[in-house]
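Heads up: the structure comes next, in structure tokens.
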Amino acid sequence: MARGFVLELGEARRAGYSNIGEAAASSGVTPKMIRYYESLGLLKEARRTSAGYRLYDESDVHRLRFVRRARDLGFSTDEIRQLLGLWQNRRRASADVRRVAEQHIGELDRKIEELQGMRRTLEQLVHHCHGDARPECPILDDLAGTSSPAGENHR
């Protein structure tokens, strides 16, 4: 089994291990996501009981909290993998961490700009929509690719 030894559940609890539900509750990460992060290698393969149940220690739960916080900030899986490597490397340069964060800020800025553009387009389409009983709709026309820009034919 994983990590070289197998424990009975009672032994595991006495040794301070948590099952997947407890690790999920402690970390704020769902059991499904814990298994997913394990499959991606963001979390090492879990120890197992003799019955095959996953076991997690406090360092696993701490790592899950780290991953959850990084996801909350919008970091990609690859960026999280980088950040985990830097976090575990006590000889890291903070400049390396900063570089990852600054690159992510740039990606967020691009996404914000894209979202603002989508919002402006939708505002224009909504402005040109009569919103009454008429069947003509510049919003649907735009989605179908049959309208002039911003519903100019529907004023």
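Here the accessible area is traced with a 1.4 Å probe on the protein chains. For segment 51-155, carbon and sulfur cover 51 percent of it.
Based on Cβ point charges of +1 for Lys and Arg and -1 for Asp and Glu, what charge dipole magnitude is obtained for segment 1-79 about its Cα centre, in debye rounded to the nearest 20?
Approximately 100 debye in magnitude.
The sum of -39500 (n - 2.57) across all DSSP H runs of n ≥ 4, divided by the residue count of the chain, sets its helix-only mean residue ellipticity at 222 nm to -19000 deg cm²/dmol. When the chain is described by a simple charge dipole with +1 on each Lys and Arg Cβ and -1 on each Asp and Glu Cβ, the residue from LEU73, GLY85, VAL126 located farthest towards its positive end is GLY85. Relative contact order of the chain: 16 percent, from C-alpha pairs under 8 Å at least 6 residues apart in sequence. The candidates THR49, THR30, THR77, arranged from most to least accessible area with a 1.4 Å probe in the full protein assembly, appear as THR30, THR77, THR49. The C-alpha atoms of the chain define a longest principal axis, and helix 31-40 lies at about 80 degrees to it. Over all pairs of different C-alpha atoms, segment 1-68 has a mean inverse distance whose reciprocal, the Kirkwood radius, equals 11.7 Å.
Accessible surface computed residue by residue for the chain, with neighbouring protein chains in place and a 1.4 Å probe, gives 67 Å² per residue.
Rounding to the nearest 20 debye, state how big the charge dipole of the chain is about its Cα centre with +1 on each Lys and Arg Cβ and -1 on each Asp and Glu Cβ.
Here the size comes out at about 1020 debye.
The values are calculated or read from the model by the stated rules, or taken from the named source; none is laboratory data. Values in this document were obtained by computation on a predicted structure and should not be read as measured data. Cβ coordinates were reconstructed from backbone atoms using ideal geometry, including for glycine residues, and neighbour counts include every protein chain displayed. Ligands, DNA and RNA are stripped out before the accessible areas are found, and what is left, the full protein with its side chains, is counted by its heavy atoms. Shrake-Rupley method; radii C 1.70, N 1.55, O 1.52, S 1.80 Å.
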